[in-house]
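This report refers to the structure that appears directly beneath it.
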């Protein structure tokens, strides 16, 4: 089941890039990011209430709060950078560079989370890196 959600994520991320590139024309990238963020907040809280998950707030540990807040700050910084790059660059070049996050995530997962880094992971990282270079050059 995780695969279908991941695939949905990829499809919606692709739509996000194209729709954003069209919508950001003539709009300050920070303002565009703020508008997008408001929509995401409304949609996220809507899902929380729709699935009746709001009661779980009181059960969140201090550690989880800290790391969820840090994750939110990283997301915000990522979105601000992404929208600015998208505003001044071509979507066909910005998006592949953004997807280098896959390589960075694999390395960080190995270093910080002690997840397994295999030969297959290394080959995948090299291919993604090479693919990114081919797409942006």
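Values in this text are rule-based calculations from the coordinates and carry no lab data. Fair warning: this is a prediction, and the values are worked out from it, not measured in the lab. All Cβ positions, even for glycine, are placed from backbone atoms using ideal geometry, and neighbour counts span all protein chains on display.
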Plugging the Cβ-Cβ distance of residue 41 and residue 12 into 1/(1 + (r/R0)^6) at R0 = 22 Å yields, to the nearest 0.05, a FRET efficiency of 0.85
Cβ neighbours within 10 Å, averaged per peptide: list 1-7, 85-91 in order, most packed at the top. 85-91, 1-7
Nearest 500 deg cm²/dmol is fine: what mean residue ellipticity at 222 nm does the chain get from its DSSP H runs of n ≥ 4 alone, each adding -39,500 (n - 2.57), divided by its residue count? -27000 deg cm²/dmol
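Find how much the distance from residue 71 to residue 34 grows on full extension, using 0.36 nm per residue of separation minus their present alpha carbon separation; answer in nm with one decimal.
Gain on stretching residue 71 to residue 34: 11.6 nm.
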Quick one: which of 14-20, 46-52, 56-62 comes out on top by average Cβ neighbours within 10 Å, and what's the full order, highest first? 14-20, 46-52, 56-62
Once you keep just the Cα pairs under 8 angstrom separated by 6 or more residues, what percentage relative contact order results for the chain? 29
One quarter of the convex hull surface, Cα atoms only: what value does that give for segment 2-89 in nm²? 6.9
Take the alpha-carbon centre of segment 32-67, take the same for segment 91-137, and report the distance between them in whole Å. 28
Multiply the residue gap between residue 5 and residue 61 by 0.36 nm, knock off their C-alpha separation, and tell me the result in nm, one decimal place. 17.5 nm
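In units of 2.2 N^0.38 Å, what is the alpha-carbon radius of gyration of segment 56-131? Don't skip to the end; give the middle numbers.
Numbers: Rg = 16.0 Å, N = 76, 2.2 N^0.38 = 11.4 Å.
With N residues counted in segment 56-131, Rg over 2.2 N^0.38 Å equals 1.40.
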